[in-house]
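Notes for the one structure printed next.
Taken together, the values in this text are just the output of simple stated rules run on the coordinates, not laboratory data. As the structure is a computational prediction, the values presented were derived from the model and not from experiment. For neighbour counting, all protein chains shown are included, and Cβ atoms are generated from backbone atoms with ideal geometry for every residue, glycine included.
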Amino acid sequence: MKYLKVKCINIFKLWTFLLLLPLPVMAQEEENQRIVLETDSGDVTIMLYNETPLHRDNIVKLVKEGFYDGVLFHRVIEDFMIQTGDSISRHAPAGKLLGVGSYETYKIPAEIRFPQIFHKRGSVAAAREGDAENPQRESSMCQFYIVWGKRYSGNMMDDVEERIARNTGNLISFPQEVRDAYFQYGGTPHLDGQYTVFGEVVEGLDVVERIMAAQTDENNRPLIDIRIKRAYIDEKKP
């Protein structure tokens, strides 16, 4: 009986110790949420980053409200990016300039996480007004773009880094692993440190490429409308 008593006390001490451990040691990493854009060019699945919780929670809210259902990819630039989320684009006549002055009721504080998160191909980032009107670099409540970009050589990255350093007071520099990613996969490094990247395409990058190849007018709007038919939360486990 004495042995059993000592054993029970030891087990109690062990459980007490485990309960007092810091939460990060015991807790599992939070699973990333995903959304699906069901477009008339195919489906695009986007994984949202937990490192940018304000943007993650905002887009999940808008998706659940059906905000993106019916909106256009209103700005498409070959070898650069595709942009969507303008609420007035649902019923906009052909040739109309979109994405400027559209109805928005709030902004999202910037969550720029460079160099941990950067503008590699397939990244999803929030659009915003320029620095003159928006020095805090707050994000649009609803408009976002999906990066395509191009592959960069070492000399090209040197030029980009020098230009960004001038614009940011030498606040931005590119670690070697980021430079290597732009060389191997491509992207838009000249946007780093200036826009919030809050997710990435995990399925449907070929659809992004197909949309990007669309013919456009002088305002970069596709001549034939490309629409998000429906956006929804992906409940499948990755």
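Rg/Rh for the chain to two decimals, with Rh computed the Kirkwood way over all alpha-carbon pairs. Reported Rg/Rh, Kirkwood definition of Rh: 1.12. In order along the stretch 87-98, phi translates into HN-Hα couplings of 5, 7, 6, 4, 10, 6, x, 4, x, 6, 6, 10 Hz, rounded to whole numbers, per the Karplus curve 6.51 cos²θ - 1.76 cosθ + 1.60 with θ = phi - 60° and x for Gly and Pro. Close amide-amide hydrogen proximity is noted between Lys229 and Glu38, Thr39, Asp40, Gly70, each under 5 Å apart and 5 or more residues distant or on a separate chain (H modeled in the peptide plane; Pro and chain starts excluded). Between exposed GluC sites (Glu not before Pro) in the chain, where DSSP calls loop and at most 10 other Cβ atoms lie within 10 Å, what's the longest gap? In the chain, the maximal stretch lacking such sites is 134-217. Count Lys and Arg as plus one, Asp and Glu as minus one, and take only other residues whose Cβ is under 11 Å from that of Cys142; the net charge is then -1. Compared with the alpha-carbon gap, the fully stretched path from Asp159 to Gln116 is longer by 13.4 nm at 0.36 nm per residue. Per residue, the chain reaches -8500 deg cm²/dmol at 222 nm when only DSSP H runs of four or more residues are counted, each adding -39500 (n - 2.57).
Within a Cβ distance under 12 Å of Val63, other residues only, what is the Lys/Arg minus Asp/Glu net charge? Net charge in that neighbourhood comes out at 0.
Taking Lys and Arg as +1 and Asp and Glu as -1, the other residues whose beta-carbon sits under 13 Å from that of Gly130 total -2. Considering all different alpha carbon pairs of the stretch 84-133, the Kirkwood hydrodynamic radius works out to 13.6 Å.
Eigen-decomposition of the gyration tensor built on the alpha-carbon atoms of the stretch 197-238 gives equivalent ellipsoid semi-axes of 26, 12, 10 angstrom, largest listed first. Using the Kyte-Doolittle scale, find the helices of the chain whose mean hydropathy is at least 0.0 and whose Cα atoms extend 18 Å or more along the helix's long axis, counting only whole DSSP H runs. Correct list, ordered by number: 2-19.
Here's how it looks for Thr216: its modeled amide H is under 5 Å from those of Leu223, which are all 5 or more places away or on a different chain.
Where in the chain is the longest stretch that carries no chymotrypsin sites (Phe, Trp or Tyr not before Pro) classed as loop by DSSP and with at most 10 other Cβ atoms within 10 Å? By the stated rule (loop sites, at most 10 other Cβ atoms within 10 Å), 107-238.
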